[in-house]
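One structure is given below, encoded as structure tokens.
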Amino acid sequence: MKKYIIIGASAAGLACAEQIRKEDKNCSITVLTREAYLPYSRPSISYYLKGAVKENDMYLRSPNYYIEKGIDIVTSAPVRSIDKKNKTVKAGRKAYSYDKLCICTGSKPFVPPIKNINGKVNAYTFLDLASTKAVKAKANGNTKAVVIGAGLIGMKAAEGLSKICKSVDVVELSPRILPSILDEKSARSVKKYIEENGHIVFHLGDTVTEAKSNANRITSVVLKSGKELECDMLILAVGVRPETELAEKAGIKVERGIVTNPETMQTSDKSIYAAGDCTVSVDMLDGSKRVIALYPNAVYQGTAAGSQMAGGDIKLDGAYSVNAIDFYGLRICTCGLINAVGEQYSDRTVRSGDKYKRLIFENNRLVGFVLINASENAGIYTSLIENKTDLSEIKTDIFDTPSLFMFDKAEREKRLKGEIA
Amino acid sequence: MKKVYAKEELCLNCRLCEVYCKTAHSKTKDVLKANKYENPTPVSRITVYGDKMLSAAVNCRHCDNPKCVQACITGAMTKDEKTGIVSVNEKKCIGCMTCLSVCPFGCIKTGKFAVKCDLCQDEDEPACVKNCPNHALVYIDLGGAK
Amino acid sequence: MAVNYIPRRFTVIRDKNLCIDCGCCVRQCSNECHFFDGDGKTVVSDSENCVACHRCVDLCPTRALRIEKYVCDYRENANWTPQYQQEICRQAETGGVLLSGMGTPKPYPIYWDKILLNASQVTNPSIDPLREPMEIRTILGRKPEKITVEKKGKSTVEMPPQVIIETPIMFSAMSFGSISLNAQKSLAMAAKNLGTLFNTGEGGLHPDLKEYTDCAIVQVASGRFGVHKEYLNNSRFVEIKIGQGAKPGIGGHLPGEKVNVEVSNARMIPEGSDAISPAPHHDIYSIEDLRQLIWSIKQATDNKKPVSVKIAAVHNVAAIASGCVRAGADIVVIDGFRGGTGAAPTRIRDNVGIPIELALAAADQRLRDEGIRSRISLVAAGSFRCSADIVKAIALGADACYCASAPLIAMGCHMCQTCNTGKCNWGIATQRPELTKRLNPEIMHLRVENLINAWNHEIKEIMGGMGINSVDSLRGNRLMLRGIGLSEKELEILGIMHAGE
């Protein structure tokens, strides 16, 4: 009986474990997680914070599921080291041996250099359920919260907090919000919408340089511009970095993230695979190497890794970013190369009312989109991007609501039969 | 598994499938109340695309390897191993629409949560198929894995 | 100009309490009577072009629609009725011949409704068709004049080709062009399953109907569209169309816009060209000429197919029928003036010809008197509305009946009588692809089959009541008929007694 060990129990880790079980009915699968919880939805934490989902509903699978599937989830088991040679990992006091190992350690928050924040009890990160519970326990109607970072995590934290707290200030170094998913124009209108619908105050192009404290509690923060914001809860959401420490120590090749074969997810060690936010991906759209820290990508990678580990034939088709998020009911869907720079790229934007649709093209192909309140059938755009469809084959105006009638009869029939993905 | 298939050469573009889908997924189950008075208005899980010359109704394909399930960030979207039906758990869904962003068929609709075809599990035949006046929708098993 | 305004005929009544603005009616009406109002959401109606086809009414999911007769009164005048006035206005505007579809709506006497059927009591027991065999199988074709047998008793007669149908009901000629391929295909499928025949009309045989050649009657009409050797042989029998009940003495005209690729291929004429069937066959100016055409067709089909001749019921129909028999026709079809049409000049449709009841009785009697009735089969056509009409026709002398309007109604026709516009909302009398797809042969053939099966049951029931167990015993059995409220002359022509006699 083969032994599989997976480090990390979030999107990639769970997908990997499930895929192994699909391919190999008789093997032992052990998932080691440093967290105290069974696999839960990390993106749900901001919804948990604002009370939109209950803790019970955050769990990705029911506890029975793991028993049925024979997937052993070991919680509160931070892995200390990987021994490549003897094929063992050490977690807590126990050592686990493996035939195949998958590293799905995800990312860690990046803590910016700010004076006087170390050891302060009211400075929080916002990345996992434990930190969210801590925030939720302290936030109340009198809280004045300051969020550093207006990326996906920072903005979701701010949205969640705005439903609870007295005031929420967001400080962002970049001149616009959500720089990873929005272009300048759309970022402006989204910012306006958020300001109108949630009481969030933005401080863009600015950063926190120093925290002022009373004993071990932060009382206010000082911005580079000189402004001083009252603060009794500081959320550090500047960004994340791949969690690669374990892999590095074990002597696995690491660049910005763990380096893997882009199809099989195998690392520099034959028996060790890696998937999810801890890896560096090759973007299939422009060939660039970067960390695509997004949920669907983690699942796709985890599935491919699991299949390859168990001798299956699923490979990663290619990584690209796809993200959907909402703020106060405003739905934003983005995919592909949002901020592509280069002569080969062109883009066009169509606005009507509160709908915003920006498509990015490379020659005759779609390589990215930003849809705000215009997400209808966005997946068809995604499939155009993924399949690198030649747009001259498209029958209708690409800016119309995408539908199967974009395609010729043969392609349409295939899709109606569900034969193509 | 049995799925709903559209025959575009027979589709009338009448969109009664949408009307009856809304009805089947309403509180009152009454075609008039569901489509006129209920608030919130039920969302149709099936949509007719095209024009009078050529149209077809599209609803969930209940794929073998559903992208929506893979991409779901909360575990709300699942594929039932026995029936093969892909469905949304509304308690878990946060309405982020990642599923919609990856569905290559355009089958997921936006409500408060993700809304999609459940093949009218409690009935013998989905409402859209039952009420299609020209049998342009059929509910059959074309084989393939669940 | 105001003088050209003709009041509309119908009003669409939309119950706003029931309308859910789903727009189904908007997308279904080819006359564009329904549309979304300026807000793009609210559905409203404009009744001006409504023909009362009921497509919207039938498909409305909440039954919010109703069609009402629109009454705009004129000063009462039994002579100058509003209709005549309106028709005059229309002609004053266009200078053209008025056109209509389907059969005449004028209140001419319908003799079926003045003929009553007999039933057995005491002396001649009636038969329960559910318990005892009841034969409605019908055999069409020329019968030998006399039978000769060899010594052992075996027949030495060479039997001319016969056509066996499982019911005395066949589908009359409706060409591909006048009706959609889907409609024709539905009839063909129904004919195949029912064991009866459909008729291609003069539009040729579409390749999609190849598998139904065993139940096809192929027509040779004055335009000779689509006629070639293979066409003639791809049939159960060949029909020479001399005339049509709805428009005796008139040819046909399929406008070029209906001649799409498919129609042009089936008819063997250029796409977009008008398909004009001349009023006469230009090679038939006498019974002898007809004989020649019959002979040619028999040559082309190796004497394997019976040949029928279809004539319209006109004044001297009996003599013409006799001529047809003598010209070699195996089957004579008489089409009464209430028969339907895809398009006919209104004046012709409403004024030319005679009712099928009288024509059939007269022809049958004439052929009997001449001693040639038994040689051929006689088929009646021209508006059979129910099984009782069929039974009465057979008792008057028909071997079988042609039905067209009834199966069309089964397929959705609501007798709006605007076939000639080509905008049939039910996908029957149209070639527009967005309309023809509305008729799904998989559904409609079953409905047509149900209808004919129902009629078959009723025919058996009526026959059983008469104590007759075979349609052969009913044929020409005029003792089973009694007239009611008919004059002596009418009774004489029909060859029946008055009720009570």
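The values are calculated or read from the model by the stated rules, or taken from the named source; none is laboratory data. These numbers were taken from a predicted model, which means no experiment stands behind them. Please note: Cβ atoms are built from the backbone with ideal geometry, for glycine as well, and neighbour counts cover all protein chains shown. Protein only, heavy atoms only, side chains kept; ligands, DNA and RNA dropped before computing areas. Shrake-Rupley method; radii C 1.70, N 1.55, O 1.52, S 1.80 Å.
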Quick count over region C:1-26, residues being assigned to a strand (DSSP E or B), among the hydrophobic types (A, V, I, L, M, F, W, C) and surrounded by 15 or more Cβ atoms within 10 Å (Cβ to Cβ), is 2
Residue satisfying all of: in region B:95-121; without any contact (Cβ under 8 Å) to a residue 60 or more places away in the chain and outside any loop (DSSP other than H, G, I, E, B); farthest from the other protein chains (Cβ to nearest Cβ) among these
B:Ala114
The residue that is nearest to the chain's Cα centre (by Cα), considering only those in region B:95-128 that are buried (at least 23 other Cβ atoms within 10 Å of the Cβ) and β-branched (Val, Ile, Thr), is B:Ile108
Only one of (1) in contact with a helix residue (DSSP H, G or I) (Cβ under 8 Å, 6 or more places away or on another chain); (2) in the same structural domain as A:Pro43 (by TED's automatic domain parsing) is not met by A:Ser321, so which one is it?
(2)
Could you check how many residues of region A:300-325 are free of Cβ contacts under 8 Å to residues at least 12 places away in the same chain and either in a helix (DSSP H, G or I) or within 11 Å of another protein chain (Cβ to nearest Cβ) (or both)?
0
Hey, A:Thr132 part of a loop (DSSP other than H, G, I, E, B) and surrounded by 15 or more Cβ atoms within 10 Å (Cβ to Cβ) or not
no
Within region C:62-92, count every residue that is at pLDDT below 95, outside any loop (DSSP other than H, G, I, E, B) and in contact with a helix residue (DSSP H, G or I) (Cβ under 7 Å, 6 or more places away or on another chain).
1
Quick test for you: out of C:Cys89, C:Cys60, pick the one residue that is outside the structural domain of C:Ile428 (by TED's automatic domain parsing), within 30 Å of B:Met53 (Cα to Cα) and surrounded by 13 or more Cβ atoms within 10 Å (Cβ to Cβ).
C:Cys60
Quick check on my filter: what residues within region C:423-440 are more than 10 Å from chain B (Cβ to nearest Cβ) and closer than 17 Å to C:Cys33 by Cβ?
C:Lys423, C:Cys424, C:Asn425, C:Trp426, C:Thr430
Here the residues within region C:68-84 that are surrounded by 12 or more Cβ atoms within 10 Å (Cβ to Cβ) and hydrophobic (A, V, I, L, M, F, W, C) are C:Trp80
For region C:451-475, which positions are within 11 Å of C:Ile390 (Cβ to Cβ) and of a type in the set (S, T, N, Q)?
C:Asn456
Is it the case, given these coordinates, that B:Arg15 is within 10 Å of another protein chain (Cβ to nearest Cβ) and under 14 Å from the mean Cα position of the chain (by Cα)?
yes
Cβ-Cβ under 8 Å, sequence separation 6+ or interchain: first residue in region A:371-393 and farther than 14 Å from B:Met97 by Cβ and more than 8 Å from every other protein chain (Cβ to nearest Cβ), partner polar (S, T, N, Q) and open to solvent by 20 Å² or more (accessible area, probe 1.4 Å). Which pairs?
A:Asp390/A:Asn364; A:Leu391/A:Asn364; A:Ser392/A:Asn364
Identify, by number, the condition in (1) open to solvent by less than 10 Å² (accessible area, probe 1.4 Å); (2) in a helix (DSSP H, G or I); (3) under 19 Å from C:Pro248 (Cβ atoms) that C:Val325 doesn't meet.
(3)
If we ask which residues in region C:27-57 are surrounded by fewer than 19 Cβ atoms within 10 Å (Cβ to Cβ) and either among the β-branched types (Val, Ile, Thr) or in the same structural domain as C:Cys413 (by TED's automatic domain parsing) (or both), their number turns out to be 3
Mind checking whether some residue in region C:427-434 is outside any loop (DSSP other than H, G, I, E, B), in contact with a strand residue (DSSP E or B) (Cβ under 7 Å, 6 or more places away or on another chain) and open to solvent by 10 Å² or more (accessible area, probe 1.4 Å)?
no
Is region C:391-411 home to any residue that is open to solvent by less than 10 Å² (accessible area, probe 1.4 Å), modelled with pLDDT of 95 or more and within 14 Å of chain B (Cβ to nearest Cβ)?
yes
Please specify each residue of region C:30-57 satisfying the condition of being closer than 17 Å to C:Met415 by Cα and either in contact (Cβ under 8 Å) with a residue 12 or more places away in the chain or among the basic types (Lys, Arg) (or both).
C:Ser30, C:Asn31, C:Asn49, C:Cys50, C:Val51, C:Ala52, C:Cys53, C:His54, C:Arg55, C:Cys56
Which one of A:Val168, A:Val121 is buried (at least 23 other Cβ atoms within 10 Å of the Cβ) and more than 27 Å from A:Gly13 (Cα to Cα)?
A:Val168
C:Ile443 passes all but one of (1) part of a helix (DSSP H, G or I); (2) away from chain B (no Cβ under 14 Å); (3) in contact with a His (Cβ under 6 Å, 6 or more places away or on another chain); which number fails?
(2)
When restricted to A:Tyr328, A:Tyr356, the only residue farther than 26 Å from A:Gln19 by Cβ and within 13 Å of chain B (Cβ to nearest Cβ) is A:Tyr328
Give the residues of region C:93-119 that are free of Cβ contacts under 8 Å to residues at least 24 places away in the same chain and not in a loop (DSSP other than H, G, I, E, B), sorted by residue number.
C:Thr94, C:Asp113
If a residue has to be open to solvent by less than 60 Å² (accessible area, probe 1.4 Å) and within 8 Å of chain C (Cβ to nearest Cβ) to count, how many in region B:24-36 make the cut?
3
Which ones in region B:37-60 are closer than 21 Å to C:Cys19 by Cα, without any contact (Cβ under 8 Å) to a residue 60 or more places away in the chain and either surrounded by 17 or more Cβ atoms within 10 Å (Cβ to Cβ) or within 9 Å of another protein chain (Cβ to nearest Cβ) (or both)?
B:Pro42, B:Val48
Checked against (1) open to solvent by 20 Å² or more (accessible area, probe 1.4 Å); (2) more than 10 Å from chain A (Cβ to nearest Cβ); (3) touching a helix residue (DSSP H, G or I) at 6+ places or on another chain (Cβ under 7 Å); (4) not aliphatic (A, V, I, L, M), B:Lys67 satisfies every condition except (2)
Within region B:82-94, take every residue that is open to solvent by 20 Å² or more (accessible area, probe 1.4 Å) and in a strand (DSSP E or B) and give me the one that is nearest to the other protein chains (Cβ to nearest Cβ).
B:Val88
Determine if region B:71-81 includes at least one residue that is within 21 Å of B:Gln121 (Cα to Cα), in a loop (DSSP other than H, G, I, E, B), away from every other protein chain (no Cβ under 11 Å) and open to solvent by 60 Å² or more (accessible area, probe 1.4 Å).
yes
